[in-house]
Each structure stands twice: as C-alpha cells, then as structure tokens.
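These notes are about the structure you will find just below.
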Amino acid sequence: MKNLPEEERPRERLLLKGPSALSTSELLAIVIGRGAPGISAVMLSQKIISAFGDLNSLCKVSATELLAFNGVGLAKACQILAVAEISRRLSGAPVLKSQIYSSSKSIYHLIKPHLINKDREHFLVIALDSRRRLIAVDNISIGTISQSIVHPREVFKVAINRRASFIVIAHNHPSGDTSPSSEDLAVTHRLVAVSQTIGIPILDHIIVSDSGYMSFKHEEYLT
C-alpha cells in the first residue's frame, strides 16, 4: 500500500474520514496489514472477497481455504477468522437475562448469533426459568441432526442441570431452507414426549437459516 498516495491508503482514509467511508475490501486490507510480493493488501483483500462473494460467505470460510491465497499465512488467516467471529457475535442484540423470552421472535434474536453463518448444523438448548427469563444457551451437538445424535438424555441433562422450568430447542439449516426435515420432526416429537414425562415443557423448536427462521409452535408441529 506504500505505492498508493497517502490519502488513498485505507488506514489513513479511516483516520481521516472514519471507518464507514471505507469499502469492505479496504477494511479487510487493514486487518490483513501487509500484502505479499507482487500484490498489495488491498488487492489481496479484493481477491478474497471476490472469491467468496460476500461477507456472509467470508464468515463461513476455514483457515485452510484462506491459506490457499498467495500472501495469506497462518497469522493473517487467524486475524481474518477472528474478525469474522467478532462480527458474527456482534450481529446479535445484547443478551439480557432479565428479559422475558415469551415469543419465538425474541428467542430467534437471542440465538441468531449462535446459528447463522455456520457450515454444519448446531443444536441448542435454551433453558428458561419459571418466568421465562434466560438461564443459559447450551450447544449440545454439532453435525447433522438425527435421533442418534440428539438424544433426550443429553437435552434433559442440560435442562435439569440448569434447573430449567422450560426449554426451547433450536438448530440451524446451513442450506438456507428452514422447512423441517422428516428427521427434524421425528427428533422433535420424541423430545416432546420425554418432556411431558419429565415435566420440563418444550415451548418451541426453532429452525434458523441465514435468511430467517421457522417456529414449530407457530406451524403447529408441536403436538
């Protein structure tokens, strides 16, 4: 970036005009810091963003994929992944444990940062107290949701250990389609049956994608 006029260098432009004035590639160039022989940090960041399409896709990349770019070593790959993870965590509203989570929408906003921009399915148990205030959000499984992976024992072990009065279960669909699969329905019905025996009701099962969510309760799948 030393070849650019000082007023066009990303770091100097940020100090002069503020971060909102910079393009995504310029912001990424600041994270990268330096380029490599024959390619500036700005050009390298443009190549990376062009390869993955957009920021959402960039949040899903692995270190191996980043290391494939000439000029990206382990340190730069870790810097990019760290910033992507910070961005993902900041995308959610602050978690207020005093807030009452009584609607699917409020639960969705709570768990969205945990489930978007993931390349595999994550299964969460959201433990609530008797007033439906948040106790904890626990990730109990990573991988394709199935009855063998999401076992009632693991779900209700969390619920009991957290002393939950109610729970909500949730998982993501990396495909972007929030429609429940036959396996999703089977797992849910099995968990609901166990919840009725144990006495810790499941209030909802929410499927999240990068574009939105689907509520089992609203769609009347919880029976």
- Selection from region 8-42 of residues surrounded by fewer than 16 Cβ atoms within 10 Å (Cβ to Cβ) and within 17 Å of ALA68 (Cα to Cα) yields ARG34, PRO37, GLY38, ILE39
- State yes or no: is VAL187 part of a strand (DSSP E or B), buried (at least 23 other Cβ atoms within 10 Å of the Cβ) and not small (Gly, Ala, Ser)? no
- Would you pick out the residues in region 160-181 that are more than 22 Å from the chain's Cα centre (by Cα), under 23 Å from TYR108 (Cβ atoms) and not in a strand (DSSP E or B)? ARG162, ALA164, SER165
- Query: So which pairs qualify, if the first residue must be in region 66-83 and in the same structural domain as ILE49 (by TED's automatic domain parsing), the second must be loosely packed, with under 12 Cβ neighbours inside 10 Å, the Cβ gap must be under 6 Å, and the two must be at least 6 apart or on different chains?
  - Reply: none
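Out of all the residues in region 125-143, is one or more at pLDDT below 90 and either closer than 16 Å to LEU203 by Cβ or hydroxyl-bearing (Ser, Thr, Tyr) (or both)?
Yes, region 125-143 has at least one match.
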- Restricting region 199-216 to residues that are modelled with pLDDT of 95 or more and not in a strand (DSSP E or B), which is surrounded by the fewest Cβ atoms within 10 Å (Cβ to Cβ)? GLY199
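The values are calculated or read from the model by the stated rules, or taken from the named source; none is laboratory data. What you are looking at is a predicted structure, and each value in this text was computed from that prediction instead of being measured. Positions of Cβ are backbone-derived with ideal geometry, glycine not excepted, and every protein chain shown enters the neighbour counts.
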